[in-house]
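Below you'll find the structure, written out as C-alpha coordinates, and then a few comments.
The values are calculated or read from the model by the stated rules, or taken from the named source; none is laboratory data. The structure displayed is predicted, hence computed values, not measured ones. Positions of Cβ are generated from backbone atoms using ideal geometry, with glycine treated the same way; all protein chains shown enter the neighbour counts. Only protein heavy atoms, including side chains, enter the accessible area calculation; ligands, DNA and RNA are left aside. Shrake-Rupley method; radii C 1.70, N 1.55, O 1.52, S 1.80 Å.
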Amino acid sequence: MSTLTEVTELERRVRGRLGAEYGSLRTLPGGHSGLTYSITAGPVSRVVKAVPPGQRPVGRNDVLRQARILRALAGSPVPVPGVVAVDEHEPAWFAMEFVPGEAIEPVLDEHALDPRLCRTRMLALAAVLRDLHDVSTGAVESLGPAAESERWSRTMRAVPTELRPGAEEVLDALAARIPESVPPALTHGDFRLGNVLCQGERPAAVVDWEIWGYGDPRIDLAWFLLFADHRNFPRLGHAVPGLPTEQDLLTAYLDGRPEPPALDWFRALARTKMAAIMGHNLRRHREGKHHDPDQERLPPTIAAMIRTAHDLLARRP
(Lines give C-alpha, C1' and ligand atoms only; values in the text may rest on other atoms or scores of the structure.)
Protein backbone atom coordinates (compact mmCIF):
# COMPACT_ATOMS: atom_id res chain seq x y z
CA MET A 1 0.00 0.00 0.00
CA SER A 2 1.29 3.44 -0.88
CA THR A 3 2.39 5.86 1.84
CA LEU A 4 1.23 9.45 2.07
CA THR A 5 4.63 10.56 0.77
CA GLU A 6 4.34 8.33 -2.29
CA VAL A 7 0.82 9.56 -3.06
CA THR A 8 1.98 13.16 -2.70
CA GLU A 9 4.84 12.50 -5.14
CA LEU A 10 2.47 10.89 -7.63
CA GLU A 11 0.11 13.84 -7.27
CA ARG A 12 2.98 16.23 -7.97
CA ARG A 13 3.86 14.34 -11.14
CA VAL A 14 0.25 14.17 -12.30
CA ARG A 15 -0.37 17.87 -11.74
CA GLY A 16 2.90 18.63 -13.50
CA ARG A 17 1.53 16.95 -16.64
CA LEU A 18 -2.17 17.82 -16.42
CA GLY A 19 -1.91 21.31 -14.94
CA ALA A 20 -1.56 23.05 -11.59
CA GLU A 21 -5.29 23.78 -11.56
CA TYR A 22 -6.00 20.13 -10.74
CA GLY A 23 -6.68 19.29 -7.12
CA SER A 24 -5.75 16.31 -4.96
CA LEU A 25 -5.79 12.67 -5.93
CA ARG A 26 -8.77 10.79 -4.52
CA THR A 27 -8.80 7.02 -4.34
CA LEU A 28 -11.46 5.40 -6.50
CA PRO A 29 -13.01 2.29 -4.92
CA GLY A 30 -13.45 -0.98 -6.76
CA GLY A 31 -10.15 -1.13 -8.63
CA HIS A 32 -8.60 -4.58 -8.91
CA SER A 33 -5.20 -3.64 -10.28
CA GLY A 34 -2.61 -0.98 -9.69
CA LEU A 35 -3.71 2.19 -7.97
CA THR A 36 -6.74 4.08 -9.26
CA TYR A 37 -7.50 7.72 -8.45
CA SER A 38 -9.65 10.59 -9.63
CA ILE A 39 -8.41 14.16 -9.94
CA THR A 40 -10.44 17.23 -10.91
CA ALA A 41 -10.07 20.77 -12.18
CA GLY A 42 -13.42 22.54 -11.99
CA PRO A 43 -15.91 20.51 -14.03
CA VAL A 44 -13.20 18.35 -15.61
CA SER A 45 -12.31 15.02 -14.02
CA ARG A 46 -9.65 12.49 -14.92
CA VAL A 47 -8.94 8.95 -13.79
CA VAL A 48 -5.33 8.12 -12.95
CA LYS A 49 -3.99 4.56 -12.89
CA ALA A 50 -0.53 3.99 -11.46
CA VAL A 51 1.85 1.13 -10.69
CA PRO A 52 1.98 0.58 -6.92
CA PRO A 53 5.32 1.81 -5.51
CA GLY A 54 7.82 -0.99 -5.11
CA GLN A 55 5.97 -3.36 -7.43
CA ARG A 56 6.98 -4.42 -10.90
CA PRO A 57 4.82 -3.20 -13.82
CA VAL A 58 3.73 -6.68 -14.86
CA GLY A 59 0.38 -8.43 -15.22
CA ARG A 60 -2.49 -6.44 -13.77
CA ASN A 61 -0.06 -3.75 -12.60
CA ASP A 62 1.16 -3.02 -16.13
CA VAL A 63 -0.82 0.18 -16.50
CA LEU A 64 1.09 1.27 -19.62
CA ARG A 65 -0.16 -1.85 -21.40
CA GLN A 66 -3.71 -0.77 -20.52
CA ALA A 67 -3.01 2.70 -21.89
CA ARG A 68 -1.77 1.20 -25.17
CA ILE A 69 -4.97 -0.72 -25.85
CA LEU A 70 -7.15 2.27 -24.94
CA ARG A 71 -5.21 4.40 -27.41
CA ALA A 72 -5.43 1.68 -30.06
CA LEU A 73 -9.22 1.56 -29.68
CA ALA A 74 -9.69 5.34 -29.83
CA GLY A 75 -11.95 6.14 -32.76
CA SER A 76 -13.13 2.53 -33.13
CA PRO A 77 -16.74 1.41 -32.64
CA VAL A 78 -15.73 0.12 -29.19
CA PRO A 79 -16.37 2.89 -26.63
CA VAL A 80 -13.41 3.44 -24.30
CA PRO A 81 -12.15 6.34 -22.18
CA GLY A 82 -9.70 8.60 -23.99
CA VAL A 83 -6.10 8.61 -22.73
CA VAL A 84 -4.94 12.16 -21.97
CA ALA A 85 -1.45 11.64 -20.51
CA VAL A 86 1.11 8.85 -20.09
CA ASP A 87 4.21 8.95 -17.88
CA GLU A 88 6.57 5.99 -18.37
CA HIS A 89 8.97 6.97 -15.59
CA GLU A 90 8.81 4.54 -12.68
CA PRO A 91 6.42 4.14 -11.05
CA ALA A 92 4.51 4.61 -14.31
CA TRP A 93 1.02 6.07 -14.58
CA PHE A 94 -1.48 7.29 -17.11
CA ALA A 95 -4.53 9.55 -17.02
CA MET A 96 -7.75 9.07 -18.94
CA GLU A 97 -11.12 10.70 -19.27
CA PHE A 98 -13.56 10.23 -16.42
CA VAL A 99 -16.64 8.69 -18.02
CA PRO A 100 -19.77 8.97 -15.86
CA GLY A 101 -22.08 6.00 -15.84
CA GLU A 102 -23.19 2.83 -14.09
CA ALA A 103 -21.28 -0.47 -14.19
CA ILE A 104 -23.85 -2.95 -12.87
CA GLU A 105 -24.01 -6.71 -13.34
CA PRO A 106 -27.79 -7.30 -13.38
CA VAL A 107 -27.92 -10.85 -11.96
CA LEU A 108 -25.18 -10.39 -9.34
CA ASP A 109 -25.21 -6.78 -8.12
CA GLU A 110 -27.76 -5.21 -5.81
CA HIS A 111 -29.57 -2.56 -7.83
CA ALA A 112 -32.93 -0.96 -8.51
CA LEU A 113 -32.64 -0.73 -12.30
CA ASP A 114 -35.69 -1.28 -14.46
CA PRO A 115 -35.44 -4.85 -15.83
CA ARG A 116 -36.23 -3.49 -19.30
CA LEU A 117 -33.18 -1.24 -19.06
CA CYS A 118 -31.02 -4.21 -18.05
CA ARG A 119 -32.28 -6.13 -21.08
CA THR A 120 -31.58 -3.25 -23.45
CA ARG A 121 -28.07 -2.70 -22.08
CA MET A 122 -27.14 -6.36 -22.32
CA LEU A 123 -28.34 -6.70 -25.91
CA ALA A 124 -26.49 -3.50 -26.84
CA LEU A 125 -23.35 -4.88 -25.23
CA ALA A 126 -23.51 -7.99 -27.42
CA ALA A 127 -23.03 -5.69 -30.42
CA VAL A 128 -20.07 -3.99 -28.70
CA LEU A 129 -18.42 -7.38 -28.20
CA ARG A 130 -18.91 -8.15 -31.89
CA ASP A 131 -17.33 -4.81 -32.77
CA LEU A 132 -14.38 -5.57 -30.48
CA HIS A 133 -13.75 -8.90 -32.14
CA ASP A 134 -13.99 -7.23 -35.56
CA VAL A 135 -11.20 -4.74 -34.78
CA SER A 136 -8.32 -5.40 -37.15
CA THR A 137 -5.29 -6.44 -35.09
CA GLY A 138 -2.85 -8.12 -37.44
CA ALA A 139 -2.05 -10.48 -34.56
CA VAL A 140 -0.31 -13.71 -35.54
CA GLU A 141 0.37 -15.29 -32.16
CA SER A 142 -2.35 -15.76 -29.59
CA LEU A 143 -3.43 -17.89 -26.68
CA GLY A 144 -5.46 -20.72 -28.21
CA PRO A 145 -7.97 -23.19 -26.74
CA ALA A 146 -5.33 -25.71 -25.63
CA ALA A 147 -3.35 -23.12 -23.68
CA GLU A 148 -6.52 -21.70 -22.10
CA SER A 149 -7.64 -25.17 -21.06
CA GLU A 150 -4.25 -25.95 -19.54
CA ARG A 151 -4.15 -22.63 -17.70
CA TRP A 152 -7.48 -23.11 -15.97
CA SER A 153 -6.84 -26.79 -15.34
CA ARG A 154 -3.75 -25.80 -13.33
CA THR A 155 -5.76 -23.24 -11.40
CA MET A 156 -8.54 -25.71 -10.69
CA ARG A 157 -6.17 -28.43 -9.54
CA ALA A 158 -4.64 -26.00 -7.04
CA VAL A 159 -8.04 -25.95 -5.32
CA PRO A 160 -8.61 -28.70 -2.70
CA THR A 161 -10.63 -31.56 -4.20
CA GLU A 162 -13.40 -31.24 -1.62
CA LEU A 163 -14.13 -27.72 -2.92
CA ARG A 164 -14.45 -28.80 -6.56
CA PRO A 165 -16.66 -31.91 -6.77
CA GLY A 166 -16.60 -33.51 -10.22
CA ALA A 167 -13.94 -31.18 -11.57
CA GLU A 168 -11.50 -33.90 -12.65
CA GLU A 169 -14.02 -35.39 -15.08
CA VAL A 170 -14.61 -31.97 -16.60
CA LEU A 171 -10.90 -31.20 -16.89
CA ASP A 172 -10.28 -34.55 -18.57
CA ALA A 173 -13.16 -33.97 -21.01
CA LEU A 174 -11.92 -30.47 -21.89
CA ALA A 175 -8.42 -31.77 -22.54
CA ALA A 176 -9.71 -34.62 -24.69
CA ARG A 177 -11.81 -32.40 -26.97
CA ILE A 178 -9.66 -29.36 -27.72
CA PRO A 179 -11.35 -27.60 -30.66
CA GLU A 180 -9.53 -26.25 -33.66
CA SER A 181 -8.36 -22.66 -33.38
CA VAL A 182 -9.91 -19.80 -35.30
CA PRO A 183 -8.17 -16.56 -36.37
CA PRO A 184 -7.24 -14.58 -33.26
CA ALA A 185 -9.17 -11.50 -32.23
CA LEU A 186 -8.69 -8.71 -29.73
CA THR A 187 -10.17 -9.97 -26.46
CA HIS A 188 -11.07 -8.12 -23.28
CA GLY A 189 -10.70 -11.06 -20.92
CA ASP A 190 -13.59 -10.19 -18.56
CA PHE A 191 -16.25 -8.83 -20.88
CA ARG A 192 -19.58 -8.28 -19.08
CA LEU A 193 -21.89 -5.45 -18.02
CA GLY A 194 -20.09 -5.11 -14.70
CA ASN A 195 -17.05 -3.84 -16.63
CA VAL A 196 -18.94 -1.37 -18.81
CA LEU A 197 -20.05 2.13 -17.84
CA CYS A 198 -23.54 2.73 -19.20
CA GLN A 199 -25.43 5.98 -19.64
CA GLY A 200 -29.12 5.20 -19.91
CA GLU A 201 -29.48 2.45 -22.49
CA ARG A 202 -26.08 3.13 -24.06
CA PRO A 203 -22.75 1.46 -23.23
CA ALA A 204 -20.54 4.53 -22.81
CA ALA A 205 -17.15 2.98 -21.99
CA VAL A 206 -15.70 -0.50 -21.68
CA VAL A 207 -13.27 -0.42 -18.75
CA ASP A 208 -10.95 -2.74 -16.79
CA TRP A 209 -8.59 -3.79 -19.58
CA GLU A 210 -6.02 -5.38 -17.27
CA ILE A 211 -6.10 -8.79 -18.98
CA TRP A 212 -6.76 -7.92 -22.62
CA GLY A 213 -4.96 -9.94 -25.24
CA TYR A 214 -5.13 -11.60 -28.62
CA GLY A 215 -6.96 -14.88 -28.47
CA ASP A 216 -9.91 -16.97 -29.49
CA PRO A 217 -13.00 -14.73 -29.61
CA ARG A 218 -15.14 -17.62 -28.38
CA ILE A 219 -13.48 -17.27 -24.96
CA ASP A 220 -14.84 -13.71 -24.54
CA LEU A 221 -18.22 -14.70 -25.98
CA ALA A 222 -18.76 -17.70 -23.71
CA TRP A 223 -17.77 -15.66 -20.63
CA PHE A 224 -20.25 -12.92 -21.56
CA LEU A 225 -23.07 -15.44 -22.05
CA LEU A 226 -22.47 -16.89 -18.59
CA PHE A 227 -23.88 -13.77 -16.91
CA ALA A 228 -27.27 -13.94 -18.63
CA ASP A 229 -28.81 -16.45 -16.23
CA HIS A 230 -28.97 -16.05 -12.45
CA ARG A 231 -29.38 -19.83 -12.11
CA ASN A 232 -25.71 -20.16 -13.02
CA PHE A 233 -24.95 -18.55 -9.63
CA PRO A 234 -26.85 -20.35 -6.81
CA ARG A 235 -26.95 -18.30 -3.58
CA LEU A 236 -25.29 -15.43 -5.42
CA GLY A 237 -27.54 -14.52 -8.34
CA HIS A 238 -31.07 -13.16 -8.48
CA ALA A 239 -33.65 -13.20 -11.24
CA VAL A 240 -34.09 -10.17 -13.50
CA PRO A 241 -37.40 -10.48 -15.37
CA GLY A 242 -37.03 -10.28 -19.13
CA LEU A 243 -33.24 -10.42 -19.16
CA PRO A 244 -31.94 -11.85 -22.46
CA THR A 245 -31.22 -15.56 -22.49
CA GLU A 246 -27.85 -16.90 -23.57
CA GLN A 247 -29.43 -17.64 -26.96
CA ASP A 248 -30.79 -14.09 -27.21
CA LEU A 249 -27.33 -12.68 -26.57
CA LEU A 250 -25.72 -15.09 -28.99
CA THR A 251 -28.21 -14.09 -31.71
CA ALA A 252 -27.50 -10.40 -31.09
CA TYR A 253 -23.74 -11.00 -31.18
CA LEU A 254 -23.87 -13.01 -34.40
CA ASP A 255 -26.15 -10.52 -36.20
CA GLY A 256 -26.91 -13.03 -38.92
CA ARG A 257 -23.52 -14.72 -39.00
CA PRO A 258 -23.22 -18.49 -38.47
CA GLU A 259 -22.65 -19.75 -34.94
CA PRO A 260 -18.94 -20.38 -34.29
CA PRO A 261 -17.96 -24.05 -34.05
CA ALA A 262 -17.53 -25.87 -30.73
CA LEU A 263 -19.18 -23.11 -28.73
CA ASP A 264 -20.38 -25.57 -26.08
CA TRP A 265 -16.73 -26.43 -25.35
CA PHE A 266 -16.01 -22.75 -24.68
CA ARG A 267 -19.14 -22.39 -22.57
CA ALA A 268 -17.92 -25.33 -20.49
CA LEU A 269 -14.47 -23.72 -20.27
CA ALA A 270 -16.04 -20.47 -19.04
CA ARG A 271 -17.80 -22.36 -16.24
CA THR A 272 -14.60 -24.18 -15.38
CA LYS A 273 -12.75 -20.87 -15.22
CA MET A 274 -15.41 -19.36 -12.94
CA ALA A 275 -15.36 -22.41 -10.64
CA ALA A 276 -11.55 -22.33 -10.49
CA ILE A 277 -11.48 -18.62 -9.61
CA MET A 278 -14.12 -19.02 -6.93
CA GLY A 279 -12.46 -22.13 -5.54
CA HIS A 280 -9.15 -20.29 -5.34
CA ASN A 281 -10.79 -17.39 -3.47
CA LEU A 282 -12.58 -19.74 -1.08
CA ARG A 283 -9.35 -21.64 -0.38
CA ARG A 284 -7.51 -18.42 0.43
CA HIS A 285 -10.28 -17.43 2.84
CA ARG A 286 -10.31 -20.77 4.61
CA GLU A 287 -6.51 -20.79 4.90
CA GLY A 288 -6.61 -17.34 6.48
CA LYS A 289 -4.75 -15.65 3.64
CA HIS A 290 -7.63 -13.30 2.87
CA HIS A 291 -10.41 -13.21 5.46
CA ASP A 292 -13.76 -12.77 3.75
CA PRO A 293 -16.73 -14.69 5.25
CA ASP A 294 -18.77 -13.90 2.14
CA GLN A 295 -16.68 -16.51 0.32
CA GLU A 296 -18.62 -19.18 2.21
CA ARG A 297 -21.53 -18.51 -0.13
CA LEU A 298 -19.54 -19.83 -3.09
CA PRO A 299 -19.71 -23.67 -2.82
CA PRO A 300 -23.19 -24.06 -4.45
CA THR A 301 -22.12 -21.91 -7.40
CA ILE A 302 -18.80 -23.76 -7.76
CA ALA A 303 -20.69 -27.06 -7.83
CA ALA A 304 -23.24 -25.71 -10.33
CA MET A 305 -20.52 -24.41 -12.64
CA ILE A 306 -18.79 -27.79 -12.68
CA ARG A 307 -22.04 -29.70 -13.13
CA THR A 308 -23.26 -27.60 -16.04
CA ALA A 309 -19.81 -27.67 -17.66
CA HIS A 310 -20.04 -31.46 -17.56
CA ASP A 311 -23.53 -31.33 -19.10
CA LEU A 312 -22.34 -29.09 -21.92
CA LEU A 313 -19.43 -31.36 -22.75
CA ALA A 314 -21.74 -34.39 -22.76
CA ARG A 315 -24.05 -32.87 -25.37
CA ARG A 316 -23.80 -34.05 -28.94
CA PRO A 317 -22.37 -31.44 -31.35
Checklist entry - Can you give the accessible area per residue of the chain, in Å², using a 1.4 Å probe? => result 49
Next on the checklist: Taking R0 as 41 Å, what FRET efficiency do you get between D292 and V44 from their Cβ-Cβ distance, rounded to the nearest 0.05?
Outcome noted: 0.65
Checklist outcome for this item: Ordering 257-269, 237-249 by per-residue average of other C-beta atoms within 10 angstrom, highest first, gives 257-269, 237-249
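Tell me whether the stretch 1-125 comes out rounded, prolate or oblate; compute the Cα gyration tensor, take square roots of the eigenvalues as a ≥ b ≥ c, and use a/c under 1.5 as the rounded threshold.
Details: a/c = 1.78, a/b = 1.75, b/c = 1.01.
Prolate.
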Next on the checklist: Which of the three applies to the stretch 115-260, rounded, prolate or oblate, going by the alpha-carbon gyration tensor with a ≥ b ≥ c and a/c under 1.5 meaning rounded?
Outcome noted: oblate
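Using a ≥ b ≥ c from the Cα gyration tensor of the stretch 225-265 (square roots of the eigenvalues), is it rounded, prolate or oblate, where a/c under 1.5 gives rounded and otherwise the larger of a/b and b/c decides, a/b for prolate?
Values: a/c = 5.01, a/b = 1.78, b/c = 2.81.
Taking the square roots of the gyration eigenvalues as a ≥ b ≥ c, the stretch 225-265 is oblate.
Of the peptides 198-209, 166-177, how do they stack up when ordered by the mean number of other Cβ atoms within 10 Å, highest first? Display every interim value, and only then the final one.
Details: 198-209: 18.4, 166-177: 16.8.
In descending order of packing, they fall as 198-209, 166-177.
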Checklist outcome for this item: Placing each pseudo-label 7 Å from Cα in the direction of the beta carbon, H238 and I178 end up separated by a distance in nanometres of 4.3
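For the ranges 12-25, 84-97, 298-311, what's the packing order if you count other beta-carbon atoms within 10 Å of each residue, average per peptide, and put the highest first? Don't jump to the answer; show the numbers that get you there.
Numbers: 12-25: 14.6, 84-97: 17.6, 298-311: 20.0.
Sorting 12-25, 84-97, 298-311 by mean packing, highest first, produces 298-311, 84-97, 12-25.
Counting only protein heavy atoms and using a 1.4 Å probe, what share of the accessible area of the stretch 104-240 belongs to carbon plus sulfur, as a whole percent? Could you put the intermediate results ahead of the total?
Values: 3000 of 5920 Å².
Solvent-exposed carbon and sulfur of the stretch 104-240 make up 51 percent of the total.
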Checklist outcome for this item: Taking alpha-carbon centroids only, the stretch 256-317 lies from the stretch 86-110 a number of Å equal to 26
Checklist outcome for this item: For mean projected area of the Cα convex hull in nm² the list reads [x] 17.2; [y] 18.2; [z] 16.1; the calculated value is entry [x]
Checklist entry - If contacts are Cα pairs under 8 angstrom and at least 6 residues apart, what is the relative contact order of the chain in percent? => result 18
